[in-house]
Amino acid sequence: MSRKTIILPKGRRARIGSPWIFSNEIRMDEAAKAIAPGSIVNVRGEDGREFGTGYFNPKSLIAVRLLADACDTAIDRDFFSARIGRALALRGAFYDKPFYRLVHAEGDGLPGLVIDRFDDVVTVQIGTAGMEKQLDVIVAALEARLKPKTIILRNDAPSRTLEGLESYVRAAKGEGARIALEENGCRYLADLAQGQKTGWYYDQRDNRAFIAGVAKGKSVLDAYSYTGGFGLLAAKAGAKEVVCLDSSAPALALAEESARANGVKLQAVKADVFEELERLKAAGETFDIVIADPPPFVKSKKDLEPGAKAYRKLARLAADVTAEGGILLVASCSHNIPPERFAAECAAGLTRTGRTATLIRSAGAGPDHPVHPLLPESAYLKALVYALD
Ligand code: SAH
């Protein structure tokens with residue numbers, strides 16, 4: 001079957017070089033509408049200019065995601081193997097252990113595909129109809145490059161429904177999803193099949209190390225701790241007291257188990273963060289270091305205002321339980337709140353406390369989460385660290 005071509009009328013392309021082409025930028029005629037979602041297509045200007053090879057979904061606002069600059073590029077095992085090879089080389093330059101996000105979608109030239117590596121176990125997350133069609137060659141390419149013992153397909157992100165995809169979690173190879181991983185010299189346990197997202201958040205690696213760097217002898221509250229990413233490393237770095245606070249009992253159980261494996265102590269508290277912060281404030285309890293790394297408060301654009309308010313409130317309540325001379329980290333993993341708005345909300349919340357705060361670090365994810373330069377919004381993680389008087 002020959003490859004179909006999507007035509008871009010002259011002057012309609014908003015961001016030349018961007019891997020995304022929106023539905024209003026293409027000629028959406030009957031022929032285009034008839035192309036099956038996820039099909040590989042060539043993209044050309046009406047003057048014949050090549051925009052490249054991509055995959056198409058007539059039902060999606062992002063109609064085409066480009067995979068290669070040239071038309072008629074073969075999208076096969078060798079294509080994926082080459083892209084994975086490039087991604088591996090970048091990680092190899094930064095990490096001496098095989099634990100990292102191996103493929104970060106557009107940032108690695110593979111829109112709609114996220115792969116996390118835990119040594120010989122990998123998790124694959126597919127977000128688009130176009131990538132779902134390539135699943136078999138992706139698995140074959142992983143096999144060719146890494147020969148993983150286990151490949152887990154974590155295809156249960158709610159956003160898949162927008163692409164008309166079903167939700168499922170299964171192993172494409174091997175079994176056993178309970179693993180140990182190493183990050184910043186700390187050993188963590190993770191459950192890759194049942195845990196949230198792909199089971200582990202590599203994106204906070206550098207921020208965890210930053211906090212650990214000031215944790216010695218300090219009391220630490222790790223709010224929204226999940227399996228203890230921040231808290232455990234702080235405990236290893238010599239914190240005198242670490243409280244991990246989360247609403248998920250299985251996540252806290254893993255944090256406690258990881259603490260035992262590292263020979264350190266932490267206290268796990270299962271509670272709602274807002275309620276617990278209010279309670280701690282009323283009891284006059286404070287911590288030298290407070291981390292607040294919540295789930296996304298702005299899930300979609302329409303949630304911006306209530307979500308922004310929630311970040312403001314979180315910054316205020318977290319500052320209220322931060323001791324004099326303490327350190328506060330507030331993070332957001334919402335794609336849908338721009339960094340400057342997030343910073344403004346945190347600042348507003350801190351101002352309400354009457355405390356003097358200075359921003360000492362503004363960071364995102366590490367180099368295993370590369371961002372396409374024309375898609376700054378895909379740099380979803382924002383972590384602001386304040387020193388409070
Ligand atoms: N800081 C973690 C990642 C946090 S993910 C790390 O470094 O790995 C967000 C966490 O918030 C999840 O573990 C989820 O269980 C928890 N959570 C969501 N809503 C919550 C609430 N209202 N109160 C407490 N925890 C909550």
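The values are calculated or read from the model by the stated rules, or taken from the named source; none is laboratory data. Being a predicted model, the structure only gives us computed values, none of them experimental. Here the Cβ positions follow ideal geometry from the backbone for every residue, glycine too, while neighbour counts run over all protein chains shown.
A few remarks follow.
- In the range 38-57, the qualifying residues are those that are outside any strand (DSSP E or B) and modelled with pLDDT of 95 or more, and the one that is farthest from GLY130 (Cα to Cα) is ASN57.
- Remark: pairs (first residue in the range 257-276, under 16 Å from PRO295 (Cβ atoms) and within 15 Å of the ligand (Cβ to nearest atom); second residue part of a helix (DSSP H, G or I) and modelled with pLDDT of 95 or more; Cβ separation under 6 Å; 6+ apart in sequence or on different chains) = LYS270/ALA249; LYS270/LEU252.
Residues are listed down the side, and each one gets a yes or a no for (1) within 11 Å of the ligand (Cβ to nearest atom); (2) buried (at least 24 other Cβ atoms within 10 Å of the Cβ); (3) not in a loop (DSSP other than H, G, I, E, B):
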position	(1), (2), (3)
VAL214	no, no, no
ASP222	yes, yes, yes
THR227	yes, yes, no
LEU252	yes, no, yes
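- Scanning the range 129-156 for residues that are in contact with a Pro (Cβ under 7 Å, 6 or more places away or on another chain) and within 20 Å of SER39 (Cβ to Cβ) yields one hit, ALA129.
- Residue, nearest to ALA383 (Cα to Cα), within the range 277-298, restricted to residues that are near the ligand (Cβ under 10 Å from one of its atoms) and part of a loop (DSSP other than H, G, I, E, B): ASP293
- Looking across the range 141-156, just one residue is among the aliphatic types (A, V, I, L, M) and surrounded by fewer than 16 Cβ atoms within 10 Å (Cβ to Cβ), and that is ALA144.
- Selected residue [closer than 30 Å to TRP200 by Cα and not in a loop (DSSP other than H, G, I, E, B)] from ALA63, ALA87, ALA31: ALA87
- Comparison of ALA144, ALA140, ALA190 shows that the only residue that is among the small types (Gly, Ala, Ser) and assigned to a strand (DSSP E or B) is ALA190.
- Criterion violated by GLN125 - all others in (1) outside any helix (DSSP H, G or I); (2) within 12 Å of the ligand (Cβ to nearest atom); (3) modelled with pLDDT of 95 or more satisfied: (2)
- Inspection of the range 309-320 finds a residue satisfying the criterion of being of a type in the set (Gly, Ala, Ser), away from the ligand (no atom under 13 Å from the Cβ) and surrounded by 14 or more Cβ atoms within 10 Å (Cβ to Cβ).
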